[in-house]
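The values are calculated or read from the model by the stated rules, or taken from the named source; none is laboratory data. Since this is a predicted model, take the numbers as computed values, not measurements. Neighbour counts run over all protein chains shown; Cβ positions are idealised from the backbone, glycine included. Accessible surface areas use protein heavy atoms only, side chains included; no ligands, DNA or RNA. Shrake-Rupley method; radii C 1.70, N 1.55, O 1.52, S 1.80 Å.
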Protein chains: 2
Amino acid sequence: MTSTALGVSTVPAVVTVSAAAADRAAPEDRTPPVTPGSPPAARVLHRCRELAAPALAEAIGTLHPWVAEMARYAFGRCEVGGAPADHGQGKGVRQALAVLGAEAVRGPAEAGVPAAVAVELVHVFSLLHDDIMDGDALRRGRPAVWKAYGTGPAVLAGDALFALAVETMALAPRSGSSVRQLTSALGDLVRGQADDLLFADRPWTGPDAVRVAEYEVMAERKTGALLGCALALGARLAGAPDPAVTALDRAGRHLGVAFQIADDVLGIWGDPQVTGKPVHGDLRQGKKTLPVLAALGGAGYGELAELLAAPHSLDGAGVRRATALVERAGGRAAAVREARRHLAAAEALLAGLPLAPGPAAELRTVLSALADRAI
Amino acid sequence: MTSTALGVSTVPAVVTVSAAAADRAAPEDRTPPVTPGSPPAARVLHRCRELAAPALAEAIGTLHPWVAEMARYAFGRCEVGGAPADHGQGKGVRQALAVLGAEAVRGPAEAGVPAAVAVELVHVFSLLHDDIMDGDALRRGRPAVWKAYGTGPAVLAGDALFALAVETMALAPRSGSSVRQLTSALGDLVRGQADDLLFADRPWTGPDAVRVAEYEVMAERKTGALLGCALALGARLAGAPDPAVTALDRAGRHLGVAFQIADDVLGIWGDPQVTGKPVHGDLRQGKKTLPVLAALGGAGYGELAELLAAPHSLDGAGVRRATALVERAGGRAAAVREARRHLAAAEALLAGLPLAPGPAAELRTVLSALADRAI
């Protein structure tokens, strides 16, 4: 948003368009400019980001200067060497859930800020380390931290963010139960990443094939645990009783599964112009995604299994053929069905709580924007 | 120790000899067999290790099975693939300090066990990640975890141990203050590792050279913080008042600096048969160690600085010449003086506390065994 000296916003039409497009993209991929014409989800995310930004910057400022630079680089706030920049820092979904969690249980937004800082730090820690594990050289269109600074320094920066996240919660009110909540999510995060790494080595078919139920456990751990933790921690810091905290944690976990499946669908059928990812990238890399796993679990998977057995030989025609086979075998429909089921479960859990209407509505807006993109 | 059915220990003389030798080695390098003839420090370490072992094994058992295998490999308890083994798991200095911290403030040894588990997990986490950062392919004579399992899995296993350590403290009594104590040490650990990595790129002489005072800050963070945390956490869990906890933390930090300097001295003048490290390895690698930094800060360092400026060209004669120059310039004497000063500071802090005499004596035995090896 650009403002004139008179405080009147001047909004070029093209910004509104790109904000709308960005809202359909994965939340990690770009920061949408926020304008009066932006969709509500982007406005909610922007408000929460702005609220947590000073505390997040202050926390990062306590790190070793070199490590702080790597953290700022990861948040899109500087170049290698430390020169200030603004490359977009991600939508900040997790910090928004923490703030909304506090508000939804009728606490002040500020109560959720330590949780927002902690979960955002954990998220960036996990991106830094996951990019090393997955060999992903690019993150949000720039060299990943391990590419820009080296593997060792990226490991160290991730460790520092991890420690800072725990310290942030340890210094917040109700630190005993909050730290337990955070470490439980951290444990699940690591378990989910371990599952995901091991899936790569398992066959597509036969008794050792990855089953849809296993995939969903992985997605709940890898993606859902931190989303649930964000909501739950925000509510906990605002003084919510345990049953509400538990229900919010479960809602966030369902949301995470829905979000991960939506991401899988976009990875196969999404518009690369919108997703920012190469077309059919997941299929080319032989990644175990839910639409493909569901398709293989159905009838007539012979040709698809053959194509996938040698992913490196999948040329353009092979990928298109595999995509068509996944769709024909019902993989896409099954994925959409599962994502909708988990989204509905999240919404049912929210509906069962006596939440403040305004924040609850904002929360539903964010949930839909995250998971509805592809379903 | 081997026991007969009658409970009489049978101790082959050779075991006693190797235990005595091992006691002079770096604490990470080997597990000393313990016999009635063993030096007291080895017996104390053994007792504390045995006390914490079940809880440590139980904690590791809660990890993802694949991650648990990597953890057991790192502890020397299995081969790659999971087959049981016993390669020696390190002396367990940190867990011993936690148990002794509890006993020294007149608590039961068992009170210190959660702290023992947490600090040992943190120690192994830091070894896993540091070996990646430093490119060290060997650890305790076996391939490091990143060599045996891959860099990505080793990053993940470290993360899992880190999370498990925090969770262990979060579930223990007095979790609020204990977690703060642990995360504060974790922050310092990361800062010390960052300092150490950056030292490698700095010159030996001139205004940007690493000063002895900077080295000691690095050593306190990288090595001292966790030793201090071990003592402090053990005492805290046993109900010690804050001033005693703080004094024990400071004592452990001084011990860490003394220990690190002793390690540096052994790295240059130690017997490779005892240290298990290549002779003059630190000099060949151009590592910034205290004896060399102190020597360069003294008079007549011209030839030494020239030799060090091109460490890769240091052949056997060059290394011997550099070693002689470091000694002649007073580097060895300065290192021994500094290590003794820090050890004395640690002992003075202990002497100022109303500690239980028996555990305090055991604590001093362990301190001396750690830092006296080279001074």
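Count, please, the residues in segment B:207-249 that happen to be out of contact with any Ser or Thr (no Cβ under 7 Å at 6 or more places or on another chain) and either of a type in the set (Asp, Glu) or within 18 Å of B:Pro354 (Cβ to Cβ) (or both).
Looking only at that region, the number is 20.
Filter segment B:35-64 down to the residues that are under 21 Å from B:His129 (Cβ atoms) and open to solvent by 70 Å² or more (accessible area, probe 1.4 Å) and list them by number.
B:Thr62
Kindly indicate the residue of segment A:63-102 that is touching a Leu at 6+ places or on another chain (Cβ under 7 Å) and in a loop (DSSP other than H, G, I, E, B) and also farthest from A:Pro143 (Cα to Cα) among those meeting that condition.
If we take residues in segment A:63-102 being touching a Leu at 6+ places or on another chain (Cβ under 7 Å) and in a loop (DSSP other than H, G, I, E, B), then A:Leu63 is farthest from A:Pro143 (Cα to Cα).
Mind checking whether some residue in segment A:241-263 is in a loop (DSSP other than H, G, I, E, B) and at pLDDT 95 or above?
Yes, segment A:241-263 contains a residue that is in a loop (DSSP other than H, G, I, E, B) and at pLDDT 95 or above.
Go through segment B:148-176 and give me each residue that's in contact (Cβ under 8 Å) with a residue 12 or more places away in the chain, part of a helix (DSSP H, G or I) and surrounded by fewer than 23 Cβ atoms within 10 Å (Cβ to Cβ).
B:Ala148, B:Tyr149, B:Thr151, B:Pro153, B:Leu171 - these are the residues of segment B:148-176 that are in contact (Cβ under 8 Å) with a residue 12 or more places away in the chain, part of a helix (DSSP H, G or I) and surrounded by fewer than 23 Cβ atoms within 10 Å (Cβ to Cβ).
Tell me yes or no: at least one residue of segment A:54-72 is more than 25 Å from A:Ala163 (Cβ to Cβ) and of a type in the set (A, V, I, L, M).
no
Could you please give the count of residues in segment A:204-240 that are assigned to a loop (DSSP other than H, G, I, E, B), touching a residue at least 24 places away in the same chain (Cβ under 8 Å), at negative phi and not aromatic (Phe, Trp, Tyr)?
Of the residues in segment A:204-240, 6 are assigned to a loop (DSSP other than H, G, I, E, B), touching a residue at least 24 places away in the same chain (Cβ under 8 Å), at negative phi and not aromatic (Phe, Trp, Tyr).
Scan B:Gly88, B:Gly107 and give me the residue that is under 20 Å from B:Ala247 (Cα atoms), open to solvent by 10 Å² or more (accessible area, probe 1.4 Å) and out of contact with any Pro (no Cβ under 6 Å at 6 or more places or on another chain).
Result of the check over B:Gly88, B:Gly107: B:Gly107.
Filter segment B:69-85 down to the residues that are free of Cβ contacts under 8 Å to residues at least 24 places away in the same chain and either closer than 14 Å to B:Gly150 by Cα or surrounded by fewer than 19 Cβ atoms within 10 Å (Cβ to Cβ) (or both) and list them by number.
B:Glu69, B:Arg77, B:Glu79, B:Gly81, B:Gly82, B:Ala83, B:Pro84, B:Ala85
Name the pairs: first residue in segment A:328-352 and on the phi > 0 side of the Ramachandran plot, second residue open to solvent by 30 Å² or more (accessible area, probe 1.4 Å), Cβ to Cβ under 7 Å, at least 6 apart or on different chains?
Nothing qualifies.
Just checking, which of B:Thr205, B:Thr223 is in contact with a helix residue (DSSP H, G or I) (Cβ under 6 Å, 6 or more places away or on another chain), more than 14 Å from chain A (Cβ to nearest Cβ) and open to solvent by 50 Å² or more (accessible area, probe 1.4 Å)?
After ruling out the rest, the residue left standing is B:Thr205.
Among the residues of segment A:304-318, are any open to solvent by 30 Å² or more (accessible area, probe 1.4 Å) and either modelled with pLDDT of 90 or more or of a type in the set (Asp, Glu) (or both)?
Yes - at least one qualifying residue is present in segment A:304-318.
I need the full set of residues from segment A:129-147 which are at negative phi and either β-branched (Val, Ile, Thr) or not in a helix (DSSP H, G or I) (or both), in order please.
Across segment A:129-147, the qualifying residues are A:Ile132, A:Asp136, A:Ala137, A:Leu138, A:Arg139, A:Arg142, A:Pro143, A:Ala144, A:Val145.
Results for (1) within 9 Å of chain B (Cβ to nearest Cβ); (2) of a type in the set (A, V, I, L, M, F, W, C), shown as yes or no for each residue.
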| site | (1), (2) |
| --- | --- |
| A:Asp131 | no, no |
| A:Ala137 | no, yes |
| A:Lys147 | no, no |
| A:Asp159 | yes, no |
| A:Val166 | yes, yes |
| A:Val179 | yes, yes |
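Would you check if B:Leu197 is at the interface with chain A (Cβ under 8 Å from one of its Cβ atoms), within 21 Å of the chain's Cα centre (by Cα) and under 23 Å from B:Ala309 (Cα atoms)?
Yes: the conditions hold for B:Leu197.
Does B:Leu233 fit the bill of being modelled with pLDDT of 95 or more and within 14 Å of chain A (Cβ to nearest Cβ)?
When the stated conditions are applied, B:Leu233 passes them.
Kindly evaluate A:Gly228 against the criterion of being closer than 28 Å to B:Gly176 by Cβ, surrounded by fewer than 24 Cβ atoms within 10 Å (Cβ to Cβ), at pLDDT 95 or above and not aliphatic (A, V, I, L, M).
So A:Gly228 fails the test.
Residues are listed down the side, and each one gets a yes or a no for (1) farther than 30 Å from A:Ile268 by Cβ; (2) in contact with a strand residue (DSSP E or B) (Cβ under 6 Å, 6 or more places away or on another chain); (3) at pLDDT 90 or above:
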{"site": "A:Val11", "(1), (2), (3)": "yes, no, no"}
{"site": "A:Val15", "(1), (2), (3)": "no, no, no"}
{"site": "A:Ala20", "(1), (2), (3)": "no, no, no"}
{"site": "A:Asp29", "(1), (2), (3)": "no, no, no"}
{"site": "A:Glu58", "(1), (2), (3)": "yes, no, yes"}
{"site": "A:Leu63", "(1), (2), (3)": "yes, no, yes"}
{"site": "A:Glu69", "(1), (2), (3)": "yes, no, yes"}
{"site": "A:Glu79", "(1), (2), (3)": "yes, no, yes"}
{"site": "A:Leu97", "(1), (2), (3)": "no, no, yes"}
